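Asker: Mind looking over this structure? Questions follow.
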Amino acid sequence: MDEDFLLNSETSKHLYHAYAKEMPVIDYHCHLPPDQIANDHQFENLTQAWLYGDHYKWRAMRANGIHESYCTGNKNDFEKLQKWAETVPYTLRNPLYHWTHLELQRYFDVHDILNANTAEKIYKECTAKLQTPAYSVCNLLRKMNVKVVCTTDDPVDSLEHHQRIKDDDFEIKIFPAFRPDKAMNIDDVGVFNAYVNKLEDVTNTSIDSLAGYLKALKQRHDFFATMGCTVSDHGLEQVYAEDYTDAEIENIFNSIRSGKSVTMQDNLKFRSAMLHIFAIWDHEKGWVQQYHLGALRNNNSRLLKHLGADTGWDSIGDFSQGKALSKFLGRLDQNNQLAKTILYNLNPSDNEVIATMVGNFNDGSVAGKIQFGSAWWFLDQKDGMNKQINALSNMGLLSRFVGMLTDSRSFLSYPRHEYFRRILCNLFGEEIENGELPDDIAWTGKIIQDICYHNASNYFNWKGQEQTVKLVTA
Ligand SMILES: [Zn+2]
């Protein structure tokens, strides 16, 4: 993992070092906690910055036979780090092995391999650094040349932390993203009604009809826009595109509000209606809508009960994606209500389905209007990235791709952009050297810089939001 890590040809190395490396980072979808940015949080030690909330690492530790008390339990922070360090040598060929050492190198200038023997030394060295001002979370973002971050926020979120970040004139733009998953999830009537009650409080309205519900949600959508939000995001097994009438949705809503659960068919109709309405709002405001499709979540009910969601009990689902996507996007397109859209899929067998689906709705109004999103979650690794890039290249325009994002909860995840860039440059470099692509380094370098940065900047209309970028000319 030296400076030419993952770069297998001279041209690949040149493309990476001369064109990709220095490009700023736009992280247009992640799960960073905005309160920690607003407070310019300082981590007390490496474990808190690195292992807290990281279900990727927990899964690896559990698979390695490490007791839960070292993952999410009550062992002290050094004991947890020690167990993670013992696990790392067993993660060979898992992306965690690469991520771990890239993160140690890039943030901490630590070039040792993490294992049981080096754990204490690395823990002490990184912890000492984390306690200095240079390692506050805002400085961690600066260190990685991040220009824009979009967090993930519920419509009922006050966005008070975003307001404080704005008031502080933080030069890195931190925008909220509108993620209304809970607003359309009626699986548990009690949970949904509590959510509606919360929405009433936040909007200072009383919601006694579907119209009132939509009005309150729209008020939040408008509010998010005033806070700089220009993206929405949805985490779904699949998009919902059932036929429905307004009267049916009104009846379903009233049933739920009176405490009655509804049939599976009505559940799907309600989700379909909500998803369609959110999409229309996104289009009206010129937002970008993102759909993360295909996760089968919360599979281990025993441990879910103890630890809650997002603690590592999710997997790739085998949902059918094509037909509903076609109907959902088609219905919007038909009425000229289709916003710029990014589709992420979690099942790699759907790569070509998604890559060809986006082509159906690119209407020439803007380059790359409908995007096949970056390899995500379980696919966020070398093989997954190569496959996503190849499917997109074969069936669409890789050159118009908005590129990488972290989708992470950790401030130490930004080397994932570097990882992606190395893979991208390697693919182009190797095909130039074997004669499949022209030996036009300047043009290829431009394409690479576009994918690393400019395409996202243009697509999200963030030109000028970030500081002027010095173009690399090599
Ligand atoms: Zn996400």
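The values are calculated or read from the model by the stated rules, or taken from the named source; none is laboratory data. All values derive from a computational prediction rather than experimental measurement. Backbone-built Cβ (ideal geometry, glycine too); neighbour counts: all protein chains shown. With ligands, DNA and RNA removed, areas are computed over all heavy atoms of the protein, side chains included. Shrake-Rupley method; radii C 1.70, N 1.55, O 1.52, S 1.80 Å.
Asker: Which one of LEU325, LEU329, LEU293 is crowded, with 22+ Cβ neighbours inside 10 Å and within 16 Å of the ligand (Cβ to nearest atom)? Please lay out each step first, then the result.
Answerer: Values: LEU325 fails: within 16 Å of the ligand (Cβ to nearest atom); LEU329 fails: within 16 Å of the ligand (Cβ to nearest atom).
The unique qualifying residue is LEU293.
Asker: Residue by residue through segment 108-134, note down the ones that are among the basic types (Lys, Arg) and either open to solvent by 70 Å² or more (accessible area, probe 1.4 Å) or at pLDDT below 95 (or both).
Answerer: Result: LYS121, LYS124.
Asker: Same structure again: Would you be able to say whether some residue in segment 439-449 is outside any helix (DSSP H, G or I), more than 18 Å from ARG142 (Cα to Cα), open to solvent by 10 Å² or more (accessible area, probe 1.4 Å) and at pLDDT 95 or above? So that I can check it myself, show each step before the final result.
Answerer: Step one: list which residues in segment 439-449 are outside any helix (DSSP H, G or I), which gives 439-440.
Cutting the leftovers down to more than 18 Å from ARG142 (Cα to Cα) gives us 439-440.
Now drop any that are not open to solvent by 10 Å² or more (accessible area, probe 1.4 Å), which leaves 439-440.
Okay, now just the ones that are also at pLDDT 95 or above, so 439-440.
Within segment 439-449, one or more residues are outside any helix (DSSP H, G or I), more than 18 Å from ARG142 (Cα to Cα), open to solvent by 10 Å² or more (accessible area, probe 1.4 Å) and at pLDDT 95 or above.
Asker: Taking segment 30-55 on its own, how many of its residues are in a helix (DSSP H, G or I) and crowded, with 21+ Cβ neighbours inside 10 Å?
Answerer: Result for segment 30-55: 7.
Asker: A further question on this structure: Out of all the residues in segment 86-108, is one or more more than 16 Å from the ligand (Cβ to nearest atom) and out of contact with any helix residue (DSSP H, G or I) (no Cβ under 9 Å at 6 or more places or on another chain)?
Answerer: yes
Asker: Having 2 or more residues that are within 16 Å of VAL288 (Cβ to Cβ) is the bar; report the helices (runs of 4 or more DSSP H) wholly within segment 300-402 that clear it.
Answerer: The qualifying helices (runs of 4 or more DSSP H) are 322-334.
Asker: Within segment 155-197, track down each residue that is farther than 24 Å from VAL402 by Cα, part of a loop (DSSP other than H, G, I, E, B) and charged (D, E, K, R).
Answerer: Once the filter is applied, which keeps residues that are farther than 24 Å from VAL402 by Cα, part of a loop (DSSP other than H, G, I, E, B) and charged (D, E, K, R), segment 155-197 yields ASP157, ASP168, ASP169, ASP187, ASP188.
Asker: With respect to PHE420, determine if the residue is crowded, with 23+ Cβ neighbours inside 10 Å, modelled with pLDDT of 95 or more and in a helix (DSSP H, G or I).
Answerer: Judged against the criteria, PHE420 is a match.
Asker: For SER255, state whether it is of a type outside the set (Val, Ile, Thr), more than 16 Å from the ligand (Cβ to nearest atom) and open to solvent by less than 30 Å² (accessible area, probe 1.4 Å).
Answerer: Considered against the rule, which asks whether it is of a type outside the set (Val, Ile, Thr), more than 16 Å from the ligand (Cβ to nearest atom) and open to solvent by less than 30 Å² (accessible area, probe 1.4 Å), SER255 comes out as no.
Asker: Of the residues that make up segment 315-336, is at least one within 18 Å of ILE26 (Cβ to Cβ) and among the basic types (Lys, Arg)?
Answerer: no
Asker: Can you name every residue in segment 135-150 that is at negative phi, assigned to a loop (DSSP other than H, G, I, E, B) and open to solvent by 10 Å² or more (accessible area, probe 1.4 Å)? Before the answer, list the steps.
Answerer: So the first thing to find is which residues in segment 135-150 are at negative phi, and the list is 135-144, 146-150.
Narrowing the set further to residues that are assigned to a loop (DSSP other than H, G, I, E, B) leaves 136, 144.
Listed by number, the list holds a single entry, MET144.
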